[in-house]
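Colleague: One structure coming up, written as structure tokens, with questions to follow.
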Amino acid sequence: MVVYDDASGSLQALSPIAGEAFALIRAKECSPESLARAMELAEPGPDDIEMFQSLLMQFESMGLIECIQG
């Protein structure tokens, strides 16, 4: 999947898992836990949650999302 960043005019290539997670984020599934459940991980373990947290941080560093605490 390739994502166009309107703000910077750049393109970002995403892996299949990252692309699916990004699509879920756009549909309002935003926490690492909700992403894991939405991707059909019945009981996500610590490694799964860590992977999705890392994806969220990567998306934020790429300027694709803005993480808000709360």
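The values are calculated or read from the model by the stated rules, or taken from the named source; none is laboratory data. This structure is a prediction, so every number in the text was calculated from the model and none was measured. Cβ sites come from the backbone with ideal geometry, for glycine too, and all protein chains shown count toward neighbours.
Colleague: Go through (1) in contact (Cβ under 8 Å) with a residue 24 or more places away in the chain; (2) of a type outside the set (Lys, Arg); (3) outside any helix (DSSP H, G or I) and name the single condition Glu43 misses.
Modeller: (1)
Colleague: When you go through Ala21, Ala7 one by one, which is the residue that is assigned to a helix (DSSP H, G or I) and not charged (D, E, K, R)?
Modeller: Being assigned to a helix (DSSP H, G or I) and not charged (D, E, K, R) holds for just one of Ala21, Ala7, which is Ala21.
Colleague: When you go through Ser31, Ser61 one by one, which is the residue that is at pLDDT below 85 and of a type in the set (Gly, Ala, Ser)?
Modeller: Details: Ser61 fails: at pLDDT below 85.
One residue alone meets the criteria, Ser31.
Colleague: Restricting to region 1-33, and then to whatever is within 19 Å of Ile49 (Cβ to Cβ) and among the polar types (S, T, N, Q), can you tell me which residue is surrounded by the most Cβ atoms within 10 Å (Cβ to Cβ)?
Modeller: So the residue we want is Ser31.
Colleague: It is to be established whether one or more residues within region 61-68 are hydroxyl-bearing (Ser, Thr, Tyr) and loosely packed, with under 10 Cβ neighbours inside 10 Å.
Modeller: Going residue by residue through region 61-68, those that are hydroxyl-bearing (Ser, Thr, Tyr) are 61.
From what's left, loosely packed, with under 10 Cβ neighbours inside 10 Å: 61.
Yes, there is a match, as at least one residue in region 61-68 is hydroxyl-bearing (Ser, Thr, Tyr) and loosely packed, with under 10 Cβ neighbours inside 10 Å.
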